[in-house]
Amino acid sequence: LGWRQEELLQQNIRMLMPEPVRSEHDGYLQNYMRTGIAHIIGQGRQVEALHKHGERIPVRLAIGHVQLPDEDLFVGFITDLREQTKMENELKANEARFRSLIGNIPGAAYRCHCNESWDMVFISDAVEAITGYPAADFMLPDPKVSFADLILAEDQVSARRLAQRPKAFEYQYRIRHRDGSVRWLQDNGDCQVDADGNIV
């Protein structure tokens with residue numbers, strides 16, 4: 001936070017707090033000492049701390065209470081969350097770029113487990129135009145619809161065959177749309193394998 005130890009010792013902790021927390025700080029502690037009801041004591045939470053130069057820094061704050069015979073001490077721990085926040089923001093930005101890219105690909109894109117029900121780890125929103133079901137209906141952990149169940153019985157593709165010989169694939173098959181109509185699909189993909197050649 002830009003302060004040296006000697007600049008902070010014997011100073012009120014409020015100098016590290018931005019408003020409105022700074023103004024409310026004494027009230028929190030007084031209320032806790034009077035009632036024993038802990039709003040901030042004993043609970044870790046994400047807050048902002050005030051840098052010496054005025055910048056607000058995201059931190060994780062945990063405060064403990066130590067009761068001695070003649071005094072009450074409060075022990076605080078703060079963890080700098082700037083790097084974590086930066087990574088989270090980058091992940092969100094990457095996800096938004098990824099979704100934009102996937103959203104502009106003709107047809108639907110997906111990642112699924114290599115099992116008989118094609119359990120979906122990811123499927124793009126375009127699947128609704130193809131099947132009549134929204135993407136969320138196919139997604140683990142609680143899928144409402146199995147993509148494999150939409151495939152007509154005579155066109156069923158066996159995942160067992162892929163598991164025995166992982167490779168790139170191209171299939172054409174028919175599905176039953178939500179409205180009852182039959183649609184032809186062409187499916188192109190590849191199996192992701194681990195170091196031992198097992199499909200993951």
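Go through (1) open to solvent by 70 Å² or more (accessible area, probe 1.4 Å); (2) within 30 Å of Glu48 (Cα to Cα) one by one and return the number of the condition Thr85 breaks.
All conditions pass for Thr85, except number (1).
How many residues are open to solvent by less than 50 Å² (accessible area, probe 1.4 Å) and farther than 17 Å from Asp137 by Cβ if we restrict to the range 92-113?
Total satisfying the criteria: 3.
If you go through the range 55-75 one residue at a time, how many are in a strand (DSSP E or B) and surrounded by fewer than 11 Cβ atoms within 10 Å (Cβ to Cβ)?
So the answer is 4.
Looking at (1) over 26 Å from Val200 (Cβ atoms); (2) at pLDDT below 90; (3) among the basic types (Lys, Arg), which is the one condition that is false for Arg97?
Exception for Arg97: condition (1).
Look through Val59, Val66, Val47 and report the one residue that is within 32 Å of the chain's Cα centre (by Cα) and at pLDDT below 90.
Only one candidate qualifies: Val47.
In this structure, is Ser124 open to solvent by less than 90 Å² (accessible area, probe 1.4 Å) and at pLDDT below 85?
So Ser124 does not fit the description; no.
Identify the residue in the range 146-167 that is at pLDDT 85 or above and open to solvent by 50 Å² or more (accessible area, probe 1.4 Å) and, among all such residues, is nearest to Gly132 (Cα to Cα).
Checked the range 146-167; the qualifying residue nearest to Gly132 (Cα to Cα) is Asp149.
The values are calculated or read from the model by the stated rules, or taken from the named source; none is laboratory data. From a predicted model like this one, the values you see are computed outputs, not experimental measurements. Note that each Cβ is placed from the backbone with ideal geometry, even for glycine, and that neighbours are counted across all protein chains shown. Each accessible area value is taken on the protein alone, full model and side chains, heavy atoms only, with ligands, DNA and RNA left out. Shrake-Rupley method; radii C 1.70, N 1.55, O 1.52, S 1.80 Å.
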